[in-house]
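**Q** Got a structure for you, written out below as structure tokens; questions coming shortly.
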Amino acid sequence: MSRAALLVLADGRFPAGGHAHSGGAEAAVRAGRIHDAASLEAFCRGRLHTAGLVAAGLAAAAALGLDSVELDAAADARTPSPALRAAARRLGRQLLRAARATWPAPELEALAAAFPRGAHQPVVLGVTARAAGLQPLDAAHVAAYESVGGPATATVRLLGLDPFEASGVLARLAPVLDAVAEEAAAAALAARRDGPTALPAASSPLLDISAEAHASWPVRLFAS
Amino acid sequence: MHLDHAVTYPHRHTHSAAPRRADGSRRALRIGLGGPVGSGKTATVAALCRALRAEYSMAVVTNDIYTREDAEFLLREAVLPPERIAAVETGACPHTAIRDDISANLEAVEELEDAFREQAPLDLVLVESGGDNLTATFSRGLVDAQIFVIDVAGGDDIPRKGGPGVTTADLLVVNKTDLAPYVGSDLDRMARDAAEQRAGLPVVFQSLREEDGVHTVARWVRERIAAWVAA
């Protein structure tokens with residue numbers, strides 16, 4: 001594997017559209033659930049164990065080479081909110097564009113042909129990791145990190161939170177993030193044997209509900 | 001488990017920026033309009049739509065900072081049918097969406113192109129940035145040419161201050177010249193400073209309060225389209 005390729009893919013400046021999404025942080029800030037570094041950390045911890053774990057499992061399975069159509073259906077089944085499904089497919093399309101230009105590979109072309117309207121972002125992430133020569137565990141790390149990195153950056157913009165405090169939150173979450181990625185990668189191996197039902201299916205109803213509400217706001221800074 | 005590619009797979013660009021699409025057809029010319037908040041980007045886009053919509057099949061992408069205000073202004077003014085206007089959300093970073101990570105804007109442009117491919121393929125897509133600062137310019141991966149819009153009320157020292165928008169845009173528009181006497185802006189000085197900063201690139205002074213105030217910019221756009229089609 002190339003450790004540098006992992007850095008390129010995980011870099012927040014990788015041009016795949018993530019900067020316009022808050023991962024639910026904008027709705028949580030409005031509701032008062034995120035108001036300082038401690039509440040941001042609690043939010044991120046919850047998201048990491050739910051949406052983060054699910055995304056990491058899908059990404060690891062895709063990086064392992066499992067069937068992307070089945071994985072995309074599994075992602076749909078794990079994403080009850082229509083707003084979040086739409087956001088995931090849009091981000092998947094945006095990531096696929098960046099990935100095809102960055103790591104040209106037949107499997108990325110095949111994915112684009114199979115999903116003209118976009119596949120779920122974690123599935124695209126896994127196939128991208130594979131094309132970049134990365135391992136399933138690497139893909140899981142990127143997905144898990146994105147699940148908390150997005151809200152942390154968004155909160156800096158939304159609350160004017162001290163950016164050093166936000167990076168401190170991410171650093172404190174690192175050990176649990178490693179554990180989530182390991183769990184996701186193990187689940188991906190199980191899914192190769194038992195099918196996508198073996199992948200994590202943790203849910204966070206409040207994230208789903210607030211995503212639906214957020215999508216209807218007339219004035220907002222982030223797309224989701 | 002991963003594949004190591006023994007043979008290098010052909011490199012492509014952004015899968016959109018190439019002037020011809022996969023089927024060989026020439027895609028629409030993409031022109032970006034950037035500039036500070038309140039300088040008259042949306043008003044210029046509206047005026048261009050009115051001036052050019054009878055000649056060309058055109059569409060607009062707006063990058064509102066936190067609302068759909070600009071898109072809704074264009075809809076309310078009915079400068080184009082609603083299906084020809086798309087809004088992109090920028091996550092509080094308008095310059096990121098037009099320069100560092102153009103993926104959402106490319107999506108919006110391509111969706112508009114796809115929607116009209118059958119009936120009347122687009123000739124022109126205007127991409128309006130969210131109001132930003134003097135350093136915000138468009139990526140060459142997103143637009144083929146860019147217009148930077150400033151106004152006389154923002155201070156007549158802006159051309160002298162320069163910055164990437166003022167110095168490198170393909171066209172610099174100094175808007176609201178009708179306000180110059182009221183805000184004490186020296187148009188001659190702005191013209192001299194702009195000429196000095198721009199090394200021969202064109203500058204247009206306009207007031208959209210005048211009858212057909214956008215005609216010079218509209219002519220520039222027509223010339224760009226003619227050159228694009230002929231290339």
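The values are calculated or read from the model by the stated rules, or taken from the named source; none is laboratory data. Keep in mind that this is a model prediction, so the values were computed, not measured. Here Cβ is always computed from backbone atoms with ideal geometry, including for glycine, and neighbour counts include all displayed protein chains. Ligands, DNA and RNA are stripped out before the accessible areas are found, and what is left, the full protein with its side chains, is counted by its heavy atoms. Shrake-Rupley method; radii C 1.70, N 1.55, O 1.52, S 1.80 Å.
**Q** Could you give me the residue pairs with C-beta distances under 6 Å whose first residue belongs to region B:88-113 and is more than 10 Å from chain A (Cβ to nearest Cβ), whose second residue is surrounded by fewer than 20 Cβ atoms within 10 Å (Cβ to Cβ) and at pLDDT below 90 wherever it lies, and which are 6+ apart or on separate chains?
**A** B:94/B:65
**Q** For residue A:217, which of the numbered conditions (1) at pLDDT 95 or above; (2) open to solvent by 30 Å² or more (accessible area, probe 1.4 Å) fails to hold?
**A** (1)
**Q** Follow-up. Considering region A:133-179 alone, what residues qualify as being without any contact (Cβ under 8 Å) to a residue 12 or more places away in the chain and among the aliphatic types (A, V, I, L, M)?
**A** Matches in region A:133-179: A:156, A:171, A:174, A:179.
**Q** Could I ask something else about it? Quick check: is even one residue across region A:180-189 without any contact (Cβ under 8 Å) to a residue 24 or more places away in the chain and either among the polar types (S, T, N, Q) or in a helix (DSSP H, G or I) (or both)?
**A** yes
**Q** Mind checking which pairs have a first residue in region A:205-224 that is facing chain B (nearest Cβ under 10 Å) and closer than 20 Å to residue B:64 by Cα and a second that is assigned to a loop (DSSP other than H, G, I, E, B) and of a type in the set (A, V, I, L, M), Cβ under 9 Å, 6 or more apart or different chains?
**A** These pairs meet every condition: A:221/B:65; A:221/B:92; A:222/B:92; A:223/B:88.
**Q** State all residues of region B:1-47 that are open to solvent by 50 Å² or more (accessible area, probe 1.4 Å), at pLDDT 60 or above and either within 14 Å of another protein chain (Cβ to nearest Cβ) or touching a strand residue (DSSP E or B) at 6+ places or on another chain (Cβ under 7 Å) (or both); if no residue qualifies, say none.
**A** Scanning region B:1-47 gives B:9, B:10, B:18, B:19, B:20, B:22, B:26.
**Q** Here's something else I'd like to know. Just the residues that are touching a Ser or Thr at 6+ places or on another chain (Cβ under 6 Å) and either of a type in the set (A, V, I, L, M, F, W, C) or in a loop (DSSP other than H, G, I, E, B) (or both), please, taken from region B:192-211.
**A** Answer for region B:192-211, where residues must be touching a Ser or Thr at 6+ places or on another chain (Cβ under 6 Å) and either of a type in the set (A, V, I, L, M, F, W, C) or in a loop (DSSP other than H, G, I, E, B) (or both): B:204, B:205, B:207.
**Q** Another question about this same structure. Can you name the condition, by its number, that residue A:103 falls short on among (1) farther than 27 Å from residue B:90 by Cβ; (2) open to solvent by 30 Å² or more (accessible area, probe 1.4 Å); (3) within 11 Å of another protein chain (Cβ to nearest Cβ)?
**A** (1) is the only condition that residue A:103 fails.
**Q** Looking at A:59, A:55, A:63, A:51, which is the one that is of a type in the set (A, V, I, L, M, F, W, C), within 11 Å of another protein chain (Cβ to nearest Cβ) and crowded, with 23+ Cβ neighbours inside 10 Å?
**A** A:63
**Q** Just to check your reading of the model, which residue among B:150, B:158 is β-branched (Val, Ile, Thr), at pLDDT 95 or above and over 26 Å from residue B:123 (Cβ atoms)?
**A** After applying the criteria, what remains is B:150.
**Q** Something else about it: Looking only at region B:93-128, filter to residues that are closer than 25 Å to residue A:150 by Cβ and assigned to a loop (DSSP other than H, G, I, E, B); which one of those is nearest to the chain's Cα centre (by Cα)?
**A** B:102
**Q** For region A:127-136, state whether one or more residues are charged (D, E, K, R) and in a loop (DSSP other than H, G, I, E, B).
**A** No, there is no match, as no residue in region A:127-136 is charged (D, E, K, R) and in a loop (DSSP other than H, G, I, E, B).
**Q** Quick one: in region B:48-72, of everything that is open to solvent by 20 Å² or more (accessible area, probe 1.4 Å) and away from every other protein chain (no Cβ under 14 Å), which residue is nearest to residue B:121 (Cα to Cα)?
**A** If we take residues in region B:48-72 being open to solvent by 20 Å² or more (accessible area, probe 1.4 Å) and away from every other protein chain (no Cβ under 14 Å), then B:56 is nearest to residue B:121 (Cα to Cα).
**Q** So, one more: Just the residues that are over 23 Å from residue B:90 (Cα atoms) and touching a His at 6+ places or on another chain (Cβ under 7 Å), please, taken from region A:131-179.
**A** A:133, A:134, A:135
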